[in-house]
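Have a look at the structure below, then the notes.
The values are calculated or read from the model by the stated rules, or taken from the named source; none is laboratory data. In this text, all values refer to a predicted model and were calculated from it rather than measured experimentally. Cβ placement follows ideal geometry from the backbone for every residue including glycine, while neighbour counts extend to all protein chains displayed. Keep in mind that these areas ignore ligands, DNA and RNA; they rest on the heavy atoms of the full protein, side chains included. Shrake-Rupley method; radii C 1.70, N 1.55, O 1.52, S 1.80 Å.
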Amino acid sequence: MSPTVLRKNGYRFFFFSREEPRKHVHVSSNDGEAKWWLEPVVELAYNHRMNARQLRETEVIVGEHFGDIVNAWQRHFGN
């Protein structure tokens, strides 16, 4: 299961269930996919075919919605 946390500007922000315990969020679009660590700071963990503009844009969105994303993580994973 991979619940969607947020949709914004053509991006889907979501989690994969039963993945590693460190908080992170996946982002996908028609152009590619990225993974952002949420702890200890927001940091790019993985990028597949997103360009620099898309990475900056998704990092800003993660920052703007950080609290909502972390709260969704805690509701989904229970920690």
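Okay, here's what the table says:
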read-out	value
Within the range 27-79, considering residues that are touching a Ser or Thr at 6+ places or on another chain (Cβ under 8 Å) and not in a helix (DSSP H, G or I), the one nearest to ARG7 (Cα to Cα)	VAL27
Of residues in the range 9-43 being β-branched (Val, Ile, Thr) and open to solvent by less than 70 Å² (accessible area, probe 1.4 Å), the one nearest to GLY78 (Cα to Cα)	VAL25
Which listed residue is more than 11 Å from the chain's Cα centre (by Cα) and among the charged types (D, E, K, R), from GLU43, GLU57	GLU57
Complete set of residues in the range 13-26 that are touching a residue at least 24 places away in the same chain (Cβ under 8 Å), assigned to a strand (DSSP E or B) and in contact with a helix residue (DSSP H, G or I) (Cβ under 9 Å, 6 or more places away or on another chain)	PHE13, VAL25
From ASN51, ASN47, ASN71, residue being without any contact (Cβ under 8 Å) to a residue 40 or more places away in the chain and either in contact with a helix residue (DSSP H, G or I) (Cβ under 9 Å, 6 or more places away or on another chain) or open to solvent by less than 40 Å² (accessible area, probe 1.4 Å) (or both)	ASN47
